[in-house]
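Working notes, beginning with the structure itself.
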Amino acid sequence: MAAADWLPRSRNCPALGSEFQSPEMSPMAALSYCGVSVLLLLMGAPSGRAHIPPHNETARVARFVAHHCDWGALATISSHEPVRGQPFANVFSISDGARGHGSGVPYFYLTTMEISVQDLQENANASLTMSLAQTRYCREKHYDPQSPLCAHIILSGNMEKVDGKENATAKHALFSRHPEMIKWPHDHNWFFAKLNITNIWVLDYFGGIKTVTPDEYYKAKPWFGSLNIED
């Protein structure tokens, strides 16, 4: 991409079912049971623990990580002295879709006032790293962020502005996960962008890093799972 292209059930409580009709459970008891159930759900009951895809389903693991991570480290080639031409990593909020509706496409909300975006105006190539260390999963499993069991992915490709119908898709994806963005200064000329993925690496188990093609990645049946993560 040329640099110029960058310019601008409520769930019914089980207690209100057949148990409610039981003489052993009064209406008040049923309602109390329901309240406890909701409280446990909000607190992250054990049933909400994480179950990531099997490590042999590499493409699904990649989609899982991409969906459950709200931010990532984006590496660009610096256009600024004194590190011009060298790798430069920066943190960005990202989203591939609203919770439970991930597309696999990493969307960004950017401004040309940002230093890494200025790098991308000269060289749109970038790499993005996301790790389940960002969630509660690895902490609850007592996995160090560098452990192969604490799954992380590296996506490389080129960044591009989105427009048309995809602009609305990116907006919904990001604002649903990062509502603060709505209030960011309008005079910063924010725009939506995505990483066009060309290469994917996955480390989620022992034996070395694995690769996934973009075609395999996007064709993989999403496994959104039940990951007990911090919102």
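What is the stretch 48-97's relative contact order, in percent, from Cα pairs under 8 angstrom and six or more apart in sequence? Numbers along the way, then the final one.
Details: 51 pairs, mean separation 15.9, N = 50.
Value for the stretch 48-97: 32 percent.
Want the number for GLU122 to ASP215: 0.36 nm per residue separation, take away the alpha-carbon distance, what's left? The partial results should precede the final answer.
Values: separation 93, 0.36 × 93 = 33.48 nm, distance 2.77 nm.
Taking 0.36 nm per residue and subtracting the Cα distance, the gain is 30.7 nm.
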Among 173-182, 58-67, 82-91, 125-134, how do they line up from the highest to the lowest mean number of other beta-carbon atoms within 10 Å?
58-67, 125-134, 173-182, 82-91
What relative contact order, as a whole-number percentage, does the stretch 73-231 give when Cα pairs under 8 Å and 6 or more residues apart are counted?
26 percent
Taking all pairs of distinct Cα atoms, average 1/r, flip it, and tell me the Kirkwood hydrodynamic radius of the stretch 48-205 in Å to one decimal place.
16.3 Å
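Order the peptides 112-123, 95-106 from the highest to the lowest mean number of other Cβ atoms within 10 Å of their residues.
Working: 112-123: 17.1, 95-106: 18.8.
Result, highest mean first: 95-106, 112-123.
Mind ranking 207-216, 191-200 by how tightly packed they are, going by the mean number of other C-beta atoms within 10 angstrom, highest first? List each step's numbers first, then the result.
Details: 207-216: 13.3, 191-200: 18.8.
Most protected by this proxy first, the peptides run 191-200, 207-216.
Order LYS165, LYS171 by their accessible area, 1.4 angstrom probe, all chains in place, largest first.
Numbers: LYS165 185, LYS171 100 Å².
Largest to smallest exposure gives the sequence LYS165, LYS171.
The values are calculated or read from the model by the stated rules, or taken from the named source; none is laboratory data. These figures come from a predicted structure and were not determined experimentally. Neighbour counts run over all protein chains shown; Cβ positions are idealised from the backbone, glycine included. Ligands, DNA and RNA are stripped out before the accessible areas are found, and what is left, the full protein with its side chains, is counted by its heavy atoms. Shrake-Rupley method; radii C 1.70, N 1.55, O 1.52, S 1.80 Å.
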